[in-house]
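The values are calculated or read from the model by the stated rules, or taken from the named source; none is laboratory data. The structure presented is a predicted model; accordingly, all values stated were derived computationally and were not measured. Quick reminder, even Gly has a Cβ in these numbers, built from the backbone with ideal geometry, and neighbours come from all protein chains shown. Ligands, DNA and RNA are stripped out before the accessible areas are found, and what is left, the full protein with its side chains, is counted by its heavy atoms. Shrake-Rupley method; radii C 1.70, N 1.55, O 1.52, S 1.80 Å.
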Amino acid sequence: MKLASLKEGRDGLLVVVSRDLTRYLPATDVAATMQAALDNWATAKPALEMLAKRLDAGEGEAFNEAACASPLPRAYQWADGSAYVNHVELVRKARGAEMPATFWTDPLMYQGGSDSFLGPRDAIPMADEAWGIDFEAEIVVVTDDVPMGVSAADAATHIQLIMLVNDVSLRNLIPGELAKGFGFFQSKPSSAFSPVAITPDELGAVWEDSKVHLPLMSFLNESLFGHPDAGVDMTFNFGQLVAHAAKSRPLCAGTLIGSGTVSNKLDDGPGKPVEEGGVGYSCIAEMRTIETIQNGKPSTSFMQFGDRIRIEMRDSDGQSIFGTIDQVVEKYKA
């Protein structure tokens, strides 16, 4: 089943979307919003599945991804992990920071801002290019109510939806914030999520061990920047990430848990750019890290006003699964 939120009010209008992303049916008789459905998931899910069957039979209106807000236009909680430890190791190496051994055994996670998500086709408003504007292509899961202290195996049963995210980062603001010892804030502006959220069964066999075993594609200014496999080199699966978040507190329905930047190694070393035969990267910072390691300094610039980023995942037939995040960086005007 595939769900989306059309832009309407603060929290969107919940709709069910056909598998090929061409048609939709309103879900207002079931739940007005995505959050309302998740709050009553046990009863809402079967009713939504009935709408999905009607779509399979050919019903529905034309679906337009540009009319979508993020599936959850705002959420009670957005916690982003860093499950691809290869990415963490490279980024820390570039700034001369040693990586503790515990990073391979205990997930990193930060609490992101969840009150103002961008739509999948919304511009990325930025006040200053000097902040080091970067995209980060990731996968996100959405949970129902999760009890405190849940095991990783049981946590996986609480994953109800999956989507993609562009977790925008301001790289030049990060070092100063981390130096204070209190974590990210200004360096993590509003994120944008895919037009559609899907139930795990939509992925079939590629959803295994609480991982999505498909390439995640990023196109920067129309050129393929990266297509690493999200199921490879993921040190912590989503069950482990959800359990980590719930160690000392319960998670409410509608909690978003991110994978962190998808990143693959190559022959047990750093990956290569697409043009050199590698799978590329899911953020600019990782490419700059490789350039710094190899050449002593980076040569790829961060995003500038007018730059465009597209993030998408396709199935074995080339069909888009979640729809496309398609954003342009724009100068912020108050």
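General observations
- Accessible area expressed per residue, the chain, with surrounding protein chains retained (probe 1.4 Å, Å²): 43
- Computed [θ] at 222 nm, deg cm²/dmol, the chain (DSSP H ≥ 4; -39,500 (n - 2.57); rounded to nearest 500): -5500 deg cm²/dmol
- Global form of the range 144-258, assessed from the alpha-carbon gyration tensor, a/c cut-off 1.5: oblate
- Its residue count N fixes a reference of 2.2 N^0.38 Å for the range 1-78, and the Cα radius of gyration divided by that reference is 1.02.
- Ordering 214-224, 140-150, 186-196 by mean Cβ neighbour count within 10 Å, with the highest value first, yields 186-196, 140-150, 214-224.
- Under a model in which nothing but the beta-carbon of Lys, Arg (+1) and Asp, Glu (-1) is charged, the chain shows a dipole of about 720 debye around its Cα centre.
- Long-range Cα-Cα pairs in the range 30-129 (distance over 15 Å), rounded percent: 78
- Estimated Rh, the range 140-202: Kirkwood, alpha-carbon pairs, angstrom: 14.2
- Mean Cβ count within 10 Å, highest first, over the residues of peptides 243-254, 106-117, 66-77: 66-77, 243-254, 106-117
- Only the Cβ atoms of Lys and Arg (+1) and of Asp and Glu (-1) were treated as charged; on that basis the dipole of the range 221-283 about its Cα centre amounts to roughly 540 debye.
- When the chain is described by a simple charge dipole with +1 on each Lys and Arg Cβ and -1 on each Asp and Glu Cβ, the residue from Thr199, Asn221, Gln160 located farthest towards its positive end is Asn221.
- Relative contact order of the range 1-160, taken over Cα pairs closer than 8 Å and 6 or more residues apart, is 20 percent.
- Positive-end residue, the chain charge dipole about Cα centroid, Cβ charges, pick of Phe135, Gln319, Val262: Phe135
- Binning the alpha carbon pair distances of the chain at 20 angstrom intervals from zero yields the distribution 33, 59, 8, expressed in whole percent.
- For the range 46-114, with all protein chains in place and a probe radius of 1.4 Å, 52% of the accessible heavy-atom surface sits on carbon or sulfur.
- Taking one quarter of the surface of the C-alpha convex hull of the range 267-334 gives a mean projected area of 7.1 nm².
- Anisotropy class of the range 186-248 from Cα gyration tensor, a/c 1.5 cut: oblate
- Normalised by the number of residues in the range 166-302, the mean separation of alpha-carbon contacts (under 8 Å, six or more apart) gives a relative contact order of 16 percent.
- The relative contact order of the chain comes to 22 percent, based on Cα pairs under 8 Å that sit 6 or more residues apart.
- Whole-percent carbon and sulfur share, accessible surface of the range 269-326, 1.4 Å: 42
- At most 13 other Cβ within 10 Å, DSSP loop - trypsin sites (Lys or Arg not before Pro), the range 1-46: Arg10
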